[in-house]
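Each remark here refers to the structure printed beneath this line.
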Amino acid sequence: LAKTTQPISMDSYEGQEVNITCSHNNIATNDYITWYQQFPSQGPRFIIQGYKTKVTNEVASLFIPADRKSSTLSLPRVSLSDTAVYYCLVGGDNAGNMLTFGGGTRLMVKP
Amino acid sequence: NAGVTQTPKFRVLKTGQSMTLLCAQDMNHEYMYWYRQDPGMGLRLIHYSVGEGTTAKGEVPDGYNVSRLKKQNFLLGLESAAPSQTSVYFCASSYELGGSYNEQFFGPGTRLTVL
């Protein structure tokens, strides 16, 4: 089961770019890397997913180096509403490799 | 589309009481999941289902039972509630279990307190 390590918390200011890095040294060949966002009192929400290189959508970018042992979620020009917990997950390709939510990274965006 | 809904939103139980949490999804997803989230912690998988009539244990299944009699519904039961089961319970569903289509859609959660 691929495990992930990410910072417990991060602080930023409005308008800045935020990069959250996740380590997953034992990622398997079939594993995808998925990031979720969770606001207080809500369920997690899918942000972005990737397998290799770079993926970009309207919310974020995901950078994955060639060895895939880490990934970086990039949030451009954050606002106060981006204050949330961000979870990095790997795996989920079969029942024996279920997606596991770790503790996540608590991002605080300040004015 | 309502997405994933959960019933009830809040519940207070006494130790030893039983209850059932209902999860419903209208996206025709095969896969459904029950998680619990304790304060300040990440989500932990209790049970999951890979299709109608099938269920499997997750990371923390003890004290819980589940049933998936209809594809759109996934029930979580507590036969004899304990204070350690005080938590927020989230249900989720997904189109696939793995690969690039395993995005999970979450319900709003059920806040359960066991006294």
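Quick notes on this structure:
- Counts of other chain beta carbons within 10 angstrom of each beta carbon in peptide A:39-47 average 5.
- Near A:Gly91, the amide H atoms lying under 5 Å from its own belong to A:Tyr32; only residues 5 or more places off or on other chains count, and H is placed 1.01 Å from N.
- Computed over the stretch A:1-80: relative contact order in percent, which uses C-alpha pairs under 8 Å that are six or more apart: 34
- Members of A:Lys54/A:Lys110; A:Lys69/B:Lys71; A:Lys3/A:Lys52; B:Lys9/B:Lys57; A:Lys52/B:Lys57 lying beyond 26 Å, as alpha-carbon distances in this model show: A:Lys54/A:Lys110; A:Lys69/B:Lys71; A:Lys52/B:Lys57
- Where labels lie 7 Å past Cα in the beta-carbon direction, separation of A:Lys52 and B:Asn73 in nm: 4.6
- Among the residues of B:30-36, the average count of other protein chain beta-carbon atoms within 10 Å of the residue beta-carbon is 1.
- Summing +1 for each Lys or Arg and -1 for each Asp or Glu among the other residues whose beta-carbon sits under 14 angstrom from that of A:Val78 gives -1.
- The alpha carbon centroids of the stretch A:1-50 and the stretch B:49-115 are separated by 22 Å.
- Neighbour-limited loop hits for GluC sites (Glu not before Pro), the stretch A:1-96 (at most 10 other Cβ within 10 Å; DSSP other than H, G, I, E, B): A:Glu58
- Cα shape, the stretch A:21-62, gyration tensor, a/c 1.5 rule: oblate
Since every read-out is calculated from the coordinates, none of them should be taken as a lab result. Note that this is a predicted model, so its numbers are computed, not measured. As a convention, Cβ positions derive from the backbone with ideal geometry for all residues, glycine included, and neighbour counts pool all protein chains shown.
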